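Participant: If you scroll down you'll find the structure; I have some questions about it.
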Amino acid sequence: MRLFEFDNADPLRVKLMAVSSQLESEHKNSGEPLPLDTFLRILRKNGVSIDESDIYDIIKKEPLVNIIDSIENHTVIFKGEHVDNEPQGPDENQKIIQQMAGKQLASQKG
C-alpha cells in the first residue's frame, strides 16, 4: 500500500505506514536485524503508540501486512528477508557452476 492510497485514511495509519517503510529501507541497507523493542520505540517517538501485545495482530492487517513478514525471536522480519536459522546451501546457479567446473577438471585430467 502506498501513501496516496490513504485518501481519507486515519492519520495514524499514514504515519504508521511512513515510519515502517522508512525503517524497512534503513534496515535493508544496514543488514542488521531490527529488534522488536527498537521498532516499537521508534514508532512511539513518531507518535504511533503500539505495545508489544498488539503488534502481532497489527502486522497481519493493512498497512503493515505489506511491509512486515513476521516477528521472530523478538526481531522484526521485513518482506523479502530470510531468517538464518538454518545454514543456507549454495543456490542453483552456484551448483551448476560447480558441476561445470568439475566436468572441466575431469576432461583435462583424462
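Participant: Can you work out which of the residues in segment 24-33 that are within 10 Å of the chain's Cα centre (by Cα) and part of a helix (DSSP H, G or I) is surrounded by the fewest Cβ atoms within 10 Å (Cβ to Cβ)?
Facilitator: The residue in question is SER25.
Participant: Now, a different point. For segment 80-96, which positions are surrounded by 12 or more Cβ atoms within 10 Å (Cβ to Cβ) and either of a type in the set (Gly, Ala, Ser) or at pLDDT 75 or above (or both)?
Facilitator: GLU81 - this is the single residue of segment 80-96 that is surrounded by 12 or more Cβ atoms within 10 Å (Cβ to Cβ) and either of a type in the set (Gly, Ala, Ser) or at pLDDT 75 or above (or both).
Participant: Looking only at segment 53-63, which residues are modelled with pLDDT of 90 or more and touching a Leu at 6+ places or on another chain (Cβ under 7 Å)?
Facilitator: The answer is ILE55, ILE58.
Participant: Okay, next question. From the set of residues in segment 58-80 that are touching a Ser or Thr at 6+ places or on another chain (Cβ under 8 Å) and without any contact (Cβ under 8 Å) to a residue 24 or more places away in the chain, which is nearest to GLN22 (Cα to Cα)?
Facilitator: ILE77
Participant: Next question. Which residue is nearest to LYS79 (Cα to Cα), if the candidates are limited to segment 34-61 and must be touching a helix residue (DSSP H, G or I) at 6+ places or on another chain (Cβ under 8 Å) and outside any helix (DSSP H, G or I)?
Facilitator: ILE59
The values are calculated or read from the model by the stated rules, or taken from the named source; none is laboratory data. Everything numeric here is computed off the predicted structure, so don't read it as measured data. Using ideal geometry, Cβ is built from the backbone for each residue, glycine included, and neighbour counts are taken over all protein chains shown.
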